[in-house]
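The values are calculated or read from the model by the stated rules, or taken from the named source; none is laboratory data. This structure is a prediction, so every number in the text was calculated from the model and none was measured. Methodologically, a virtual Cβ is constructed for each residue, glycine included, from the backbone with ideal geometry; neighbour enumeration extends over all protein chains shown.
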């Protein structure tokens, strides 16, 4: 399969095609959520997109959702310089997965890009609280507080 699109967009399609060829029709939840959430983000304003993503997850089951989905989308939105959308998605990811310290690091990075150092500090502190060995959070806190 060849395309001029980003790698993360073609991979799910390639795996889906392979599953069909191998007669494996089990629903690929990651691909379903990945494609559905990206479509919602593209077609809606940030606040509406977040609400629609929440509805999608509620309707289809949180157990099938994965934090990498919103993280990958937010990384694309950084490249598109849509920092407010990035923050919205990363805040939702933290709401969904409050025990994953890396998500607080990612959210803090977005706040930094948006000039919200106080919120960046708060999130690096939360990340460090969840994982006291998180050197990235420790280094960023030292840098931000000095």
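A few notes on this one:
- Checked against (1) in a helix (DSSP H, G or I); (2) in contact with a helix residue (DSSP H, G or I) (Cβ under 9 Å, 6 or more places away or on another chain); (3) more than 11 Å from residue 41 (Cβ to Cβ), residue 73 meets all criteria but (3).
- Subset of the range 115-146 (residues that are over 11 Å from residue 101 (Cα atoms) and more than 22 Å from the chain's Cα centre (by Cα)): 138, 139, 141, 142, 143, 144, 145, 146
- Test: residue in the range 10-20 that is surrounded by 14 or more Cβ atoms within 10 Å (Cβ to Cβ), modelled with pLDDT of 85 or more and touching a helix residue (DSSP H, G or I) at 6+ places or on another chain (Cβ under 9 Å): no
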